[in-house]
Structure formats: structure tokens, C-alpha cells
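The values are calculated or read from the model by the stated rules, or taken from the named source; none is laboratory data. Here the structure is a predicted model, which is why all the values come from computation and not from measurement. Note that each Cβ is placed from the backbone with ideal geometry, even for glycine, and that neighbours are counted across all protein chains shown.
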Amino acid sequence: MRWDHSTDARTTGYLVSYGTQSGKYSGTVKTGHVTSVKVNGLTEGTLYYFVVQSYDKDNVVGPRSSEVSGRVPTSTGPAITCPSPVMTSLDGKATAVTLTPTVTGGVTPISTTCSPPSGSLFPVGTTSFTCTAVDAAQQKAACTSGVVVKASTTTPATQPPTTVQPPPTQSPSAGALTLKCPTIAPVSATATVNGAPTAPVHFAAPAVSGATAPVDVQCRPKSGSQFRVGKTTVVCEATDAQGRTGSCTTTVVVNKR
């Protein structure tokens, strides 16, 4: 919001009033002797009306300026680009592949998921997958690509006799993959993102048991994301080398400053 200085030499500052209806103003910002101000907390995509009034050292307010209006721009949604992994299977068996899509734009925090999940076993050949990004404004974007797993063509000239080993014995207590999410202590908002108070929250990875390495663990939203004031549920999922999955949830609480 910008304006010209008043010609009244007694002017020491300005009041900017605004609202969503012409002639009706629900908010006011008091500024010093400046000619512009950033108004925070406005709703994206909404039309607002503004007027400016000068005031002097005794806080005597002058007449309102002519009313102007403007619509708050809408944030651009996220864009996501899928990788195209090419792997080689030395024994011709399915191979675990990590999928790491690239995300730009959108309103943080942004969560990403892939189907099949990152870390899944992919067989020899080409397998398609889809990744989706969802930002804090529930704007979505998706991409599709493929994982190529090649069988190794290198064969030794001579090979010693192969001894088939029995599979490792698991204890009777071995069961499904399990996750235990951390308990996250409440924090206070320390920043403002798109007019909303937020706080970056870091938390430990969930504890995994009953899994076969390698294990891929992802949390949505991820640790270090900007969380808005209130309660946000964090969902953590894990997939091990055998394709077993597990999940758990925890809660991030952000209080107002």
C-alpha cells in the first residue's frame, strides 16, 4: 500500500484502514511518517478496500483519502519433478530403489509421497511410479516416471559349485515391522509465512523394529518444516527391504507468541 505525503506540515504519521466491503473497514495499521506499508494477515484471492488518514503529534486524525481496492494474489501451487532411476541387479532379483522427487513452489510445509513408496523392491524391467506433493494450502501436484532395473550381463568364466544356504532363522518373536514416533514438545511461533504465524519444528526419526535393512523412513510433514499455530498431525511411514511397511503418528503443537 503506497500514498503521497500530506501537504499539512503538522502531519507526523498515517493510519491505513482496510476491509472487505467498500466503506466498511475492519482493520487499521498505524505507521510513522512514511509513504508505504505492508499489510499482513490478508486472505489470498480476496478483494480489499483501503483508505489513508494523516494524524498529528496530538493524534488528531485528518479526513480519509479516496478509497482504493486490490485483490490479494493467490499463492502458486507446488510443482513436482520425478526422478528416472536406472539400477542394475547383480543376481537378477528385485532391487530396493530410493525415490527422491524435486518440489518447487507451493505453501510450506509440503509433504511428498510416492506409489510404490520410496525404498520398495523393483523387479528387473521397467516399473512406473507416481509421486504427489501436497502443500499447506492443500494444493496438489503429481508426476509419473519409471524405474529401470537391468540384469547384470557379466558372468565369470568359471564358477565354483554353489552351495545353497538355508534362509536365516528368525526368532519366534520376529513379526511385522513396527514404528514408534517421538513425542514432540510444544513450541511457540517464531516466524510468519504468508501472513500466518509459524515455527520450524525439528524432531527425531521414529524408532524402527522388526525390519530388514535397508529401511526407508519418511515423515509428512518432515522434520524442520514450518508448522502453523495449532495442532498438526505428523504421519511417519517405513518400508524395509522385504517390502514390509509400518506407520505411526505424533502431534506438533505450535502456540502463539
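Suppose we filter segment 20-61 for residues that are of a type in the set (A, V, I, L, M) and either more than 20 Å from residue 7 (Cβ to Cβ) or within 36 Å of the chain's Cα centre (by Cα) (or both); how many remain?
5
Is one or more of the residues making up segment 107-118 touching a Pro at 6+ places or on another chain (Cβ under 9 Å) and modelled with pLDDT under 85?
yes
Return yes when residue 39 is modelled with pLDDT of 95 or more and surrounded by 13 or more Cβ atoms within 10 Å (Cβ to Cβ) and no when it is not.
Judged against the criteria, residue 39 is not a match.
Select, from 235, 187, 208, the only residue that is closer than 19 Å to residue 96 by Cα, aliphatic (A, V, I, L, M) and either in the same structural domain as residue 133 (by TED's automatic domain parsing) or modelled with pLDDT of 90 or more (or both).
Step by step, each of 235, 187, 208 is checked, and only 208 is closer than 19 Å to residue 96 by Cα, aliphatic (A, V, I, L, M) and either in the same structural domain as residue 133 (by TED's automatic domain parsing) or modelled with pLDDT of 90 or more (or both).
In this structure, is residue 95 in contact with a Ser or Thr (Cβ under 6 Å, 6 or more places away or on another chain), surrounded by 15 or more Cβ atoms within 10 Å (Cβ to Cβ) and within 30 Å of residue 214 (Cα to Cα)?
So residue 95 passes the test.
Determine, yes or no, whether residue 136 is out of contact with any His (no Cβ under 6 Å at 6 or more places or on another chain), assigned to a loop (DSSP other than H, G, I, E, B) and modelled with pLDDT of 80 or more.
When the stated conditions are applied, residue 136 passes them.
Exactly one condition in (1) free of Cβ contacts under 8 Å to residues at least 12 places away in the same chain; (2) part of a strand (DSSP E or B) is false for residue 16; which is it?
(1)
What are the residues in segment 181-221 that are surrounded by 17 or more Cβ atoms within 10 Å (Cβ to Cβ) and farther than 30 Å from residue 39 by Cβ, if any?
181, 184, 203, 206, 208, 211, 215, 216, 217, 218, 219
Scan segment 211-224 residue by residue and report those that are among the polar types (S, T, N, Q) and either over 17 Å from residue 235 (Cα atoms) or assigned by TED's automatic domain parsing to the domain that holds residue 106 (or both).
Residue satisfying the conditions is 212 alone.
Going by the conditions given, is residue 29 under 20 Å from residue 196 (Cβ atoms) and either assigned to a strand (DSSP E or B) or free of Cβ contacts under 8 Å to residues at least 60 places away in the same chain (or both)?
yes
Can you name every residue in segment 37-83 that is in contact with a Cys (Cβ under 7 Å, 6 or more places away or on another chain), outside any loop (DSSP other than H, G, I, E, B) and over 30 Å from residue 191 (Cβ atoms)?
Across segment 37-83, there are no qualifying residues.
Could you give every pair whose Cβ atoms fall below 7 Å, whose first residue belongs to segment 43-66 and is farther than 11 Å from residue 8 by Cβ, and whose second residue is buried (at least 17 other Cβ atoms within 10 Å of the Cβ) and β-branched (Val, Ile, Thr), counting only separations of at least 6 or pairs across chains?
50/16; 52/16; 64/51; 65/51; 65/52
Evaluate the following for residue 19: is it surrounded by 11 or more Cβ atoms within 10 Å (Cβ to Cβ) and either more than 30 Å from residue 227 (Cβ to Cβ) or not assigned by TED's automatic domain parsing to the domain that holds residue 234 (or both)?
It is true that residue 19 is surrounded by 11 or more Cβ atoms within 10 Å (Cβ to Cβ) and either more than 30 Å from residue 227 (Cβ to Cβ) or not assigned by TED's automatic domain parsing to the domain that holds residue 234 (or both).
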